[in-house]
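To start, the structure under review is shown below, and the notes come after it.
The values are calculated or read from the model by the stated rules, or taken from the named source; none is laboratory data. As the structure is a computational prediction, the values presented were derived from the model and not from experiment. Here the Cβ positions follow ideal geometry from the backbone for every residue, glycine too, while neighbour counts run over all protein chains shown. Protein only, heavy atoms only, side chains kept; ligands, DNA and RNA dropped before computing areas. Shrake-Rupley method; radii C 1.70, N 1.55, O 1.52, S 1.80 Å.
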Amino acid sequence: MTPPAAATGAAPTRREQILREAARLFAERGFHGVGVDEIGAAVGISGPGLYRHFPGKEAMLAELLVGISSRLLHGGRRRVAETAGPPGAVLDSLIDGHIDFALDDRALIVLHDRELDRLRESDRKLVRQFQRQYVELWVGVVRDAYPDITEDEARASVHAVFGLLNSTPHLGSPGALSGREPMAALLHRLARGAFDAAVPAL
């Protein structure tokens with residue numbers, strides 16, 4: 001999957017602009033509460049003009065949800081492959097990558113929670129496939145960083161940390177702690193604390 005423009009520093013394409021506004025509007029008002037004309041108006045084109053990019057709202061939703069699952073998986077794999085240092089450093093890199101998603105793409109978290117069942121079965125299966133692979137990637141890294149915990153404990157801890165990090169839609173603005181970076185640092189400490197807590201007491 002091609003990285004979004006935001007990840008490369010390039011100006012967003014019209015297609016990316018449409019997806020970003022569709023995600024925002026779907027998250028705010030629900031999938032059925034938003035019309036094609038409103039999405040078009042948000043990016044400065046007529047509603048029918050959107051059909052040059054997408055056949056309909058369902059295709060936008062599918063690209064958003066399948067796309068973010070794919071992006072998380074491939075971004076995580078890249079971090080694991082490129083991060084030098086001990087296993088803890090690799091885990092820190094994975095945590096930072098997921099925090100970036102959780103703070104910058106909060107509308108997609110809302111969409112996943114509310115609208116996943118609206119996807120076609122084939123698209124839902126693809127989302128679930130990417131998500132399972134992403135979890136198992138984390139499980140392997142967690143077990144390297146914490147050799148004293150079992151595979152089941154590592155998997156439970158990963159799901160708990162995802163629940164923590166994906167709670168950002170309920171935390172107010174990303175700058176609620178006087179800036180994005182303090183919020184990111186807090187989330188990182190909380191995530192690491194959850195993994196530390198999984199280590200059996202001596």
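Brief remarks on what is shown
- Criterion violated by A102 - all others in (1) open to solvent by 10 Å² or more (accessible area, probe 1.4 Å); (2) of a type in the set (G, A, S); (3) assigned by the TED database to the domain that holds L171; (4) on the phi < 0 side of the Ramachandran plot satisfied: (1)
- Selection within segment 130-145 - open to solvent by 20 Å² or more (accessible area, probe 1.4 Å) and over 16 Å from S70 (Cβ atoms): G140, R143, D144, A145
- Any hit, segment 117-133, residues being at pLDDT 95 or above, farther than 27 Å from A23 by Cα and in a helix (DSSP H, G or I): no
- Some residue of segment 80-90 being under 25 Å from E181 (Cβ atoms), polar (S, T, N, Q) and under 16 Å from the mean Cα position of the chain (by Cα): no
- Checked against the criteria, G172 counts as exposed (fewer than 15 other Cβ atoms within 10 Å of the Cβ) and modelled with pLDDT under 95.
Yes/no per residue for (1) farther than 23 Å from A154 by Cβ; (2) modelled with pLDDT of 90 or more:
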position: R20; (1), (2): yes, yes
position: E28; (1), (2): yes, yes
position: G47; (1), (2): yes, no
position: A59; (1), (2): yes, yes
position: R79; (1), (2): no, yes
position: G88; (1), (2): no, yes
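- Any hit, segment 43-63, residues being over 22 Å from R124 (Cα atoms) and touching a Lys or Arg at 6+ places or on another chain (Cβ under 8 Å): yes
- Every pair of residues 6+ apart whose Cβ atoms lie under 6 Å, when the first sits in segment 149-161 and is farther than 24 Å from L186 by Cβ while the second is part of a helix (DSSP H, G or I): R155/V139
- Filtered by the rule that a residue be part of a helix (DSSP H, G or I) and open to solvent by 60 Å² or more (accessible area, probe 1.4 Å), segment 58-99 gives E58, E63, R71, H74, R77, R78, R79, A81, E82, D96.
- Hey, S157 among the hydroxyl-bearing types (S, T, Y) and either open to solvent by 20 Å² or more (accessible area, probe 1.4 Å) or modelled with pLDDT under 95 (or both) or not: no
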